[in-house]
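Read the structure below first, then the notes.
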Amino acid sequence: MSSLSVVVHQDADAFGAAVAREIADLVLSAQKPVVLGLATGSTPIPVYKHLVALLQGQGDLSHVHTFNLDEYEGLAPDNEQSYRYFMHEHLFRHLSIPPSQIHFPGGAGDYDAQIAAAGGIDIQVLLVIVVCCFHFCSSQLLGIGVNGHIGFNEPGSEAGSRTRRVELSEETRRANARFFGGDVGATPSHAITMGVATIAAARRVVLGATGAGKAEIMARLLGAGAGPYTPELPASVLLRHAGCVFHLDAAAAAQLKK
Ligand code: F6R
C-alpha cells in the first residue's frame with residue numbers, strides 16, 4: 001500500500017484529537033470561506049469532542065459552511081436518532097456557525113448544486129478531512145461501514161452516483177439497530193446520501209476508522225493498495241483519490257499487513 005497515505009493512532013481519542021486539530025487549523029487559518037463535509041455515527045464523536053474544545057470561544061465562525069453526508073428518511077429533526085439531532089448535540093449547539101450555512105441532504109433544492117455553489121468540498125472527512133481550493137477551504141469527515149459503505153452508498157453503488165435516495169442494506173440496518181433499541185424493524189429502511197462521485201469530488205478526504213470491528217474491512221480496503229473502483233466496496237473510490245488520508249486507531253489497523 002505504498003502509494004496510500006495511512007496514519008495509525010494509539011486509540012480513538014488520539015485519533016479524534018489529531019483530526020480535530022487538522023480541522024481547527026484549517027478553520028482558524030482560513031482567509032476565505034471553509035466548506036466542511038461532516039459525518040455522523042460513533043467514529044466522529046471523539047473528533048467533535050476535541051473540535052468543540054478547540055473552536056469554542058474562538059470568535060467568528062461566520063466563514064464556515066457545513067454539508068453533512070447523509071440523513072435517514074422519515075425522521076424529524078428533533079428525533080434523537082436523526083442526524084440533524086446528532087450534529088446539533090455533538091457540534092452545532094456548541095459553535096457559532098450561522099444556521100443558514102449548515103446543510104443536510106433531503107431539504108429543498110439540489111444538494112450537489114448547493115455544494116458546488118459553496119465552492120466545492122475542499123476536504124471530505126470520511127471520518128475526517130480537510131480541503132483547500134481556489135475560492136474555499138473545506139473538510140469532509142467520513143466513517144466507513146462494516147460492509148465498506150461511505151455515506152450511505154451501499155455495495156453496488158455506481159462510481160458516478162450523486163446525492164440521492166437509497167435503500168439501506170440489511171447489514172447496515174442490523175449495524176445501526178443499536179441506536180433504535182436493537183430493533184432492526186424500527187431502523188429506517190431508506191436515507192438520502194451524498195453519492196460516490198459527490199464524495200470523490202472533495203479536494204481532500206480523510207477517512208477515519210476506529211475499533212476492532214473495523215479491522216477486517218480496513219484490511220480488505222487497504223490490502224490491495226491503490227486500485228480501480230469496485231462497486232462492491234464503495235470506499236474503494238478513495239484508493240485512487242490523491243488527497244485522501246486514512247486515519248485508523250491501532251485496533252482498526254490490527255489486520256493490516258506490515
Ligand atoms: C454516517 C455515515 C456512515 C457511517 C458508517 C460508520 O454519517 O455516513 O457511513 O460513517 O456507517 O458508522 P460508525 O462510525 O457508527 O461505525
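Restrict the check to segment 122-144 and report whether at least one residue is open to solvent by 40 Å² or more (accessible area, probe 1.4 Å) and either modelled with pLDDT of 95 or more or within 16 Å of Asp70 (Cβ to Cβ) (or both).
No - not one qualifying residue is present in segment 122-144.
Which members of segment 26-70 meet the condition of being away from the ligand (no atom under 16 Å from the Cβ) and within 15 Å of Val205 (Cα to Cα)?
If the condition is that a residue be away from the ligand (no atom under 16 Å from the Cβ) and within 15 Å of Val205 (Cα to Cα), then Leu26, Val34, Val35 are the ones that fit.
For segment 77-86, how many residues meet the condition of being within 15 Å of His103 (Cα to Cα), assigned to a loop (DSSP other than H, G, I, E, B) and open to solvent by 50 Å² or more (accessible area, probe 1.4 Å)?
1
Being surrounded by fewer than 20 Cβ atoms within 10 Å (Cβ to Cβ) and either in contact with a Ser or Thr (Cβ under 9 Å, 6 or more places away or on another chain) or assigned to a loop (DSSP other than H, G, I, E, B) (or both) narrows it down to one residue among Gly16, Gly109; which is it?
Gly109
Scan segment 201-223 and tell me whether some residue there is surrounded by 24 or more Cβ atoms within 10 Å (Cβ to Cβ), assigned to a loop (DSSP other than H, G, I, E, B) and modelled with pLDDT under 95.
yes
Return a yes/no flag: does segment 64-77 have any residue that is touching a His at 6+ places or on another chain (Cβ under 7 Å), aliphatic (A, V, I, L, M) and more than 25 Å from Leu239 (Cα to Cα).
No.
Among the residues of segment 19-58, count how many are outside any helix (DSSP H, G or I) and either within 17 Å of the chain's Cα centre (by Cα) or closer than 19 Å to Gln81 by Cα (or both).
Selection size over segment 19-58: 11.
Got a number for residues in segment 135-185 being among the hydroxyl-bearing types (Ser, Thr, Tyr), more than 9 Å from the ligand (Cβ to nearest atom) and free of Cβ contacts under 8 Å to residues at least 60 places away in the same chain?
The number of residues fulfilling the criteria is 3.
Within segment 176-185, can one find any residue that is modelled with pLDDT under 95, closer than 30 Å to Asp110 by Cβ and assigned to a strand (DSSP E or B)?
no
The values are calculated or read from the model by the stated rules, or taken from the named source; none is laboratory data. The structure presented is a predicted model; accordingly, all values stated were derived computationally and were not measured. No Cβ is skipped: glycine too gets one built from the backbone with ideal geometry, and neighbour counts run over all protein chains shown. For the accessible areas, the whole protein counts, side chains as well, though only heavy atoms, and no ligand, DNA or RNA atoms are used. Shrake-Rupley method; radii C 1.70, N 1.55, O 1.52, S 1.80 Å.
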